[in-house]
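Colleague: Quick one: this structure, given as C-alpha coordinates, is what I'll be asking you about.
The values are calculated or read from the model by the stated rules, or taken from the named source; none is laboratory data. A quick note: this is a predicted structure, and the numbers were derived from the prediction, not measured. When we count neighbours, we look across all protein chains shown, and the Cβ atoms used for this are built from the backbone with ideal geometry, even at glycine. Quick note on the areas: whole protein, heavy atoms, side chains included, nothing else; ligands and nucleic acids left out. Shrake-Rupley method; radii C 1.70, N 1.55, O 1.52, S 1.80 Å.
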Amino acid sequence: MTVTVHCCSSIASSSSSSSSSSSSSSSSSSSAVAASPFSIDIQGLQLSLGPEGNKRRILKSCDLKVQRGSLHMLLGPNGCGKSTLLRVLGGLLYPDSGLVQTDEPSGFVFQNPDHQVVMPTVAADVAFGLGRYVLPEQQVRDAVEVALQLVNMQQFMHRATHTLSGGQRQRVAIAGALAEDPKLLLLDELTTFLDVEDQFGVLEAVRAVTHARRDVTAVWVTHRFEELAYADAASYMEDGRVVFTGSPDQMKARLRAMGANVR
Ligand SMILES: Nc1ncnc2c1ncn2[C@@H]1O[C@H](COP(=O)(O)OP(=O)(O)OP(=O)(O)O)[C@@H](O)[C@H]1O
(Lines give C-alpha, C1' and ligand atoms only; values in the text may rest on other atoms or scores of the structure.)
Protein backbone atom coordinates (compact mmCIF):
# COMPACT_ATOMS: atom_id res chain seq x y z
CA MET A 1 0.00 0.00 0.00
CA THR A 2 1.26 3.41 -0.84
CA VAL A 3 0.85 5.92 1.92
CA THR A 4 0.68 9.58 1.15
CA VAL A 5 0.90 11.84 4.16
CA HIS A 6 -0.03 15.51 4.28
CA CYS A 7 1.04 17.07 7.54
CA CYS A 8 -0.25 15.02 10.43
CA SER A 9 -2.82 12.97 8.61
CA SER A 10 -2.44 10.05 6.28
CA ILE A 11 -4.25 9.07 3.16
CA ALA A 12 -3.99 5.65 1.60
CA SER A 13 -3.60 6.51 -2.05
CA SER A 14 -3.66 4.10 -4.93
CA SER A 15 -4.75 6.24 -7.83
CA SER A 16 -3.73 9.50 -9.37
CA SER A 17 -4.98 12.93 -10.13
CA SER A 18 -7.80 14.41 -8.21
CA SER A 19 -8.54 18.07 -8.08
CA SER A 20 -9.70 18.87 -4.63
CA SER A 21 -8.47 22.10 -3.10
CA SER A 22 -8.47 20.54 0.31
CA SER A 23 -5.27 18.68 0.88
CA SER A 24 -5.90 16.10 3.49
CA SER A 25 -8.37 13.79 5.06
CA SER A 26 -8.60 12.77 8.63
CA SER A 27 -7.09 9.61 10.05
CA SER A 28 -4.13 8.38 11.96
CA SER A 29 -2.19 11.20 13.43
CA SER A 30 1.58 11.43 13.29
CA SER A 31 3.81 14.22 14.53
CA ALA A 32 6.46 13.37 11.94
CA VAL A 33 6.32 16.74 10.20
CA ALA A 34 5.76 18.90 13.27
CA ALA A 35 8.73 17.29 15.02
CA SER A 36 11.05 17.56 12.03
CA PRO A 37 12.84 20.70 10.81
CA PHE A 38 11.31 20.11 7.38
CA SER A 39 8.00 21.58 6.34
CA ILE A 40 8.16 19.47 3.18
CA ASP A 41 9.45 15.93 2.94
CA ILE A 42 8.82 14.14 -0.33
CA GLN A 43 10.20 10.73 -1.16
CA GLY A 44 9.76 8.70 -4.33
CA LEU A 45 6.84 10.77 -5.58
CA GLN A 46 5.35 9.49 -8.84
CA LEU A 47 2.48 11.11 -10.70
CA SER A 48 0.97 10.55 -14.13
CA LEU A 49 -1.39 12.98 -15.83
CA GLY A 50 -3.49 12.93 -18.96
CA PRO A 51 -6.65 11.33 -20.24
CA GLU A 52 -7.53 7.84 -19.00
CA GLY A 53 -5.71 5.29 -21.13
CA ASN A 54 -3.18 7.86 -22.30
CA LYS A 55 -1.54 9.08 -19.11
CA ARG A 56 2.05 10.25 -19.05
CA ARG A 57 4.43 10.03 -16.11
CA ILE A 58 5.14 13.66 -15.10
CA LEU A 59 6.80 13.28 -11.70
CA LYS A 60 9.30 10.42 -11.60
CA SER A 61 10.53 9.28 -8.24
CA CYS A 62 10.86 12.86 -7.09
CA ASP A 63 12.49 13.63 -3.70
CA LEU A 64 12.54 17.00 -1.91
CA LYS A 65 13.16 18.28 1.59
CA VAL A 66 12.51 21.92 2.51
CA GLN A 67 13.50 23.55 5.79
CA ARG A 68 10.63 25.06 7.76
CA GLY A 69 10.64 28.88 7.76
CA SER A 70 12.72 29.16 4.58
CA LEU A 71 12.21 30.71 1.17
CA HIS A 72 12.96 27.80 -1.12
CA MET A 73 13.25 28.36 -4.87
CA LEU A 74 12.38 25.77 -7.46
CA LEU A 75 14.06 26.09 -10.85
CA GLY A 76 14.23 24.01 -14.00
CA PRO A 77 13.46 24.03 -17.72
CA ASN A 78 9.95 24.45 -19.14
CA GLY A 79 7.82 21.39 -18.66
CA CYS A 80 10.08 19.66 -16.10
CA GLY A 81 7.23 19.47 -13.56
CA LYS A 82 7.66 22.47 -11.21
CA SER A 83 4.01 23.58 -11.26
CA THR A 84 2.83 19.99 -11.02
CA LEU A 85 4.98 19.46 -7.95
CA LEU A 86 3.57 22.66 -6.43
CA ARG A 87 0.05 21.38 -7.01
CA VAL A 88 0.89 18.15 -5.24
CA LEU A 89 2.31 20.15 -2.33
CA GLY A 90 -0.94 22.10 -2.15
CA GLY A 91 -3.05 18.95 -2.23
CA LEU A 92 -4.57 19.82 -5.62
CA LEU A 93 -3.14 16.65 -7.16
CA TYR A 94 -2.69 13.29 -5.50
CA PRO A 95 0.36 11.18 -6.29
CA ASP A 96 0.23 7.67 -7.72
CA SER A 97 2.81 6.61 -5.17
CA GLY A 98 5.43 7.98 -2.80
CA LEU A 99 5.51 9.79 0.50
CA VAL A 100 4.40 13.41 0.75
CA GLN A 101 4.59 15.12 4.13
CA THR A 102 3.83 18.83 4.29
CA ASP A 103 2.88 21.43 6.83
CA GLU A 104 -0.69 22.60 6.47
CA PRO A 105 -2.65 24.51 5.47
CA SER A 106 -1.18 25.80 2.25
CA GLY A 107 -1.98 28.91 0.22
CA PHE A 108 -1.39 29.34 -3.52
CA VAL A 109 -0.53 32.47 -5.43
CA PHE A 110 -0.27 32.22 -9.21
CA GLN A 111 1.48 34.08 -12.00
CA ASN A 112 -1.30 36.48 -12.96
CA PRO A 113 -2.66 38.57 -10.05
CA ASP A 114 -5.65 39.59 -12.18
CA HIS A 115 -6.98 36.06 -11.72
CA GLN A 116 -6.80 36.36 -7.93
CA VAL A 117 -7.31 40.00 -7.04
CA VAL A 118 -11.00 40.28 -7.79
CA MET A 119 -12.56 42.61 -5.21
CA PRO A 120 -12.93 46.41 -5.60
CA THR A 121 -10.78 47.36 -2.60
CA VAL A 122 -7.60 45.94 -1.10
CA ALA A 123 -9.21 45.21 2.27
CA ALA A 124 -12.16 43.43 0.67
CA ASP A 125 -9.86 41.39 -1.50
CA VAL A 126 -7.64 40.25 1.35
CA ALA A 127 -10.74 39.36 3.37
CA PHE A 128 -12.32 37.50 0.44
CA GLY A 129 -10.98 34.02 1.28
CA LEU A 130 -12.02 34.40 4.91
CA GLY A 131 -15.62 34.68 3.73
CA ARG A 132 -16.00 30.91 3.83
CA TYR A 133 -15.45 30.87 7.58
CA VAL A 134 -17.94 32.28 10.04
CA LEU A 135 -15.79 34.85 11.81
CA PRO A 136 -16.54 37.95 13.87
CA GLU A 137 -16.05 41.13 11.86
CA GLN A 138 -13.26 42.34 14.14
CA GLN A 139 -11.33 39.11 13.68
CA VAL A 140 -11.53 39.50 9.91
CA ARG A 141 -10.37 43.11 10.16
CA ASP A 142 -7.43 42.09 12.35
CA ALA A 143 -6.44 39.24 10.01
CA VAL A 144 -6.54 41.60 7.02
CA GLU A 145 -4.43 44.19 8.80
CA VAL A 146 -1.80 41.68 9.91
CA ALA A 147 -1.62 40.11 6.44
CA LEU A 148 -1.20 43.52 4.79
CA GLN A 149 1.49 44.47 7.31
CA LEU A 150 3.40 41.29 6.49
CA VAL A 151 3.67 42.32 2.84
CA ASN A 152 4.15 45.99 3.69
CA MET A 153 0.87 47.08 2.08
CA GLN A 154 -1.05 48.32 5.13
CA GLN A 155 -1.13 51.88 3.78
CA PHE A 156 -3.05 50.59 0.73
CA MET A 157 -5.85 48.99 2.74
CA HIS A 158 -8.60 51.25 1.40
CA ARG A 159 -7.27 51.66 -2.11
CA ALA A 160 -9.21 50.50 -5.16
CA THR A 161 -7.46 47.41 -6.48
CA HIS A 162 -7.60 48.61 -10.08
CA THR A 163 -5.27 51.50 -9.16
CA LEU A 164 -2.44 49.20 -7.99
CA SER A 165 0.73 48.31 -9.88
CA GLY A 166 1.37 44.70 -10.87
CA GLY A 167 3.73 44.16 -7.94
CA GLN A 168 1.29 45.74 -5.49
CA ARG A 169 -1.43 43.45 -6.81
CA GLN A 170 0.81 40.44 -6.31
CA ARG A 171 1.44 41.53 -2.72
CA VAL A 172 -2.31 41.87 -2.19
CA ALA A 173 -2.75 38.34 -3.58
CA ILE A 174 -0.07 37.11 -1.15
CA ALA A 175 -1.78 38.95 1.72
CA GLY A 176 -5.03 37.22 0.74
CA ALA A 177 -3.29 33.87 1.08
CA LEU A 178 -1.65 34.94 4.35
CA ALA A 179 -4.94 36.05 5.89
CA GLU A 180 -5.92 32.38 6.06
CA ASP A 181 -2.82 31.69 8.16
CA PRO A 182 -1.13 29.13 5.90
CA LYS A 183 1.99 27.29 6.96
CA LEU A 184 3.03 26.76 3.35
CA LEU A 185 3.00 29.49 0.70
CA LEU A 186 3.13 28.08 -2.83
CA LEU A 187 4.14 30.78 -5.29
CA ASP A 188 4.20 30.02 -9.00
CA GLU A 189 6.22 32.42 -11.17
CA LEU A 190 4.84 35.54 -9.51
CA THR A 191 7.26 37.94 -11.14
CA THR A 192 6.77 36.92 -14.77
CA PHE A 193 4.73 40.01 -15.66
CA LEU A 194 6.48 42.46 -13.33
CA ASP A 195 9.11 45.10 -13.94
CA VAL A 196 12.36 44.89 -11.97
CA GLU A 197 11.24 47.18 -9.14
CA ASP A 198 8.00 45.27 -8.57
CA GLN A 199 9.82 41.95 -8.97
CA PHE A 200 12.16 42.64 -6.08
CA GLY A 201 9.40 44.29 -4.00
CA VAL A 202 7.38 41.06 -4.12
CA LEU A 203 10.46 38.98 -3.31
CA GLU A 204 11.29 41.24 -0.36
CA ALA A 205 7.74 40.81 0.91
CA VAL A 206 7.86 37.01 0.73
CA ARG A 207 11.28 36.86 2.36
CA ALA A 208 10.07 39.19 5.12
CA VAL A 209 7.11 36.88 5.78
CA THR A 210 9.28 33.78 6.16
CA HIS A 211 11.74 35.65 8.37
CA ALA A 212 9.03 37.22 10.56
CA ARG A 213 7.03 33.99 10.82
CA ARG A 214 9.47 31.12 11.22
CA ASP A 215 6.60 28.63 10.95
CA VAL A 216 5.75 29.77 7.40
CA THR A 217 7.65 28.24 4.50
CA ALA A 218 7.54 29.63 0.95
CA VAL A 219 8.20 27.61 -2.20
CA TRP A 220 8.91 29.96 -5.07
CA VAL A 221 8.95 28.70 -8.67
CA THR A 222 10.98 30.88 -11.01
CA HIS A 223 12.96 31.05 -14.24
CA ARG A 224 14.80 34.20 -13.15
CA PHE A 225 18.20 33.26 -11.77
CA GLU A 226 18.79 36.72 -10.25
CA GLU A 227 16.00 35.94 -7.77
CA LEU A 228 18.30 33.39 -6.10
CA ALA A 229 19.74 36.34 -4.16
CA TYR A 230 16.57 36.23 -2.02
CA ALA A 231 16.48 32.46 -1.47
CA ASP A 232 17.53 30.52 1.60
CA ALA A 233 17.93 27.40 -0.54
CA ALA A 234 17.04 26.18 -4.00
CA SER A 235 16.30 23.00 -5.94
CA TYR A 236 16.69 22.27 -9.63
CA MET A 237 14.27 19.95 -11.43
CA GLU A 238 14.80 18.05 -14.65
CA ASP A 239 12.38 15.69 -16.33
CA GLY A 240 10.08 15.13 -13.36
CA ARG A 241 12.60 14.87 -10.56
CA VAL A 242 14.70 17.10 -8.32
CA VAL A 243 18.30 16.64 -9.43
CA PHE A 244 19.99 19.16 -7.15
CA THR A 245 19.31 21.01 -3.89
CA GLY A 246 21.71 23.45 -2.28
CA SER A 247 22.41 26.98 -1.11
CA PRO A 248 21.87 29.85 -3.56
CA ASP A 249 25.64 30.01 -4.18
CA GLN A 250 25.83 26.28 -4.83
CA MET A 251 22.87 26.59 -7.19
CA LYS A 252 24.53 29.47 -9.07
CA ALA A 253 27.73 27.43 -9.42
CA ARG A 254 25.72 24.52 -10.77
CA LEU A 255 23.87 26.75 -13.24
CA ARG A 256 27.17 28.25 -14.43
CA ALA A 257 28.56 24.74 -14.90
CA MET A 258 25.51 24.04 -17.08
CA GLY A 259 26.45 27.06 -19.21
CA ALA A 260 23.89 29.52 -17.82
CA ASN A 261 24.76 33.18 -17.60
CA VAL A 262 24.45 33.71 -13.83
CA ARG A 263 26.10 36.49 -11.88
N1 LIG B 1 -3.39 18.03 -16.69
C2 LIG B 1 -2.36 17.61 -17.44
N3 LIG B 1 -2.50 16.60 -18.32
C4 LIG B 1 -1.47 16.16 -19.06
N5 LIG B 1 -0.23 16.68 -18.99
C6 LIG B 1 -0.03 17.69 -18.15
C7 LIG B 1 -1.07 18.22 -17.33
N8 LIG B 1 -0.57 19.24 -16.57
C9 LIG B 1 0.73 19.33 -16.93
N10 LIG B 1 1.06 18.41 -17.87
C11 LIG B 1 2.37 18.21 -18.49
O12 LIG B 1 3.28 17.97 -17.42
C13 LIG B 1 4.56 18.48 -17.76
C14 LIG B 1 5.02 19.35 -16.62
O15 LIG B 1 4.22 20.53 -16.58
P16 LIG B 1 4.45 21.66 -15.50
O17 LIG B 1 3.48 22.75 -15.78
O18 LIG B 1 4.47 21.05 -14.16
O19 LIG B 1 5.93 22.11 -15.86
P20 LIG B 1 6.74 23.39 -15.38
O21 LIG B 1 8.11 22.91 -15.03
O22 LIG B 1 5.98 24.13 -14.35
O23 LIG B 1 6.80 24.21 -16.75
P24 LIG B 1 6.91 25.80 -17.01
O25 LIG B 1 8.25 26.23 -16.49
O26 LIG B 1 6.83 25.89 -18.49
O27 LIG B 1 5.75 26.46 -16.32
C28 LIG B 1 4.39 19.22 -19.08
O29 LIG B 1 4.86 18.39 -20.12
C30 LIG B 1 2.90 19.44 -19.19
O31 LIG B 1 2.49 19.46 -20.53
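Colleague: Identify, please: which residue in the range 164-190 is of a type in the set (D, E, K, R) and within 16 Å of the ligand (Cβ to nearest atom) and is, among those, surrounded by the fewest Cβ atoms within 10 Å (Cβ to Cβ)? Let's see the steps before the verdict.
Modeller: Within the range 164-190, the subset of a type in the set (D, E, K, R) is 169, 171, 180-181, 183, 188-189.
Next, from what is left, pick out any that are within 16 Å of the ligand (Cβ to nearest atom): 188-189.
On the way: Asp188: 20, Glu189: 18.
Within the range 164-190, the match that is surrounded by the fewest Cβ atoms within 10 Å (Cβ to Cβ) is Glu189.
Colleague: Still on this structure: Check Leu92, Leu45 and return the single one that is at pLDDT below 95, buried (at least 18 other Cβ atoms within 10 Å of the Cβ) and more than 9 Å from the ligand (Cβ to nearest atom). Reasoning before the result, please.
Modeller: Working: Leu45 fails: at pLDDT below 95.
From the options Leu92, Leu45, the qualifying one is Leu92.
Colleague: Moving to a separate point now. Only one of these conditions is not met by Thr161: (1) more than 11 Å from the ligand (Cβ to nearest atom); (2) over 22 Å from Arg213 (Cβ atoms); (3) open to solvent by 50 Å² or more (accessible area, probe 1.4 Å). Which number is it?
Modeller: Among (1) more than 11 Å from the ligand (Cβ to nearest atom); (2) over 22 Å from Arg213 (Cβ atoms); (3) open to solvent by 50 Å² or more (accessible area, probe 1.4 Å), the lone unmet condition for Thr161 is (3).
Colleague: Those residues that are closer than 12 Å to Gln170 by Cβ and surrounded by 16 or more Cβ atoms within 10 Å (Cβ to Cβ), I need them from the range 201-218; list them, please.
Modeller: Of the residues in the range 201-218, the ones closer than 12 Å to Gln170 by Cβ are 201-206.
Residues satisfying the conditions are Gly201, Val202, Leu203, Ala205, Val206.
Colleague: Suppose we filter the range 48-85 for residues that are open to solvent by less than 50 Å² (accessible area, probe 1.4 Å), more than 9 Å from the ligand (Cβ to nearest atom) and among the hydroxyl-bearing types (Ser, Thr, Tyr); how many remain?
Modeller: Matching residues across the range 48-85 total 1.
Colleague: Right, here's the next one. Being at pLDDT below 95, within 20 Å of Gly81 (Cα to Cα) and open to solvent by 70 Å² or more (accessible area, probe 1.4 Å): is that true of His223 here?
Modeller: Working: at pLDDT below 95: yes; within 20 Å of Gly81 (Cα to Cα): yes; open to solvent by 70 Å² or more (accessible area, probe 1.4 Å): yes.
Considered against the rule, which asks whether it is at pLDDT below 95, within 20 Å of Gly81 (Cα to Cα) and open to solvent by 70 Å² or more (accessible area, probe 1.4 Å), His223 comes out as yes.
Colleague: Separate question: Pairs please, first residue from the range 68-93 and in a loop (DSSP other than H, G, I, E, B), second anywhere and basic (Lys, Arg) and within 12 Å of the ligand (Cβ to nearest atom), Cβ atoms under 8 Å, 6+ apart in sequence or on different chains.
Modeller: Close Cβ pairs (under 8 Å, with a partner that is basic (Lys, Arg) and within 12 Å of the ligand (Cβ to nearest atom)) amount to Gly76/Lys82; Gly81/Arg241; Leu93/Arg87.
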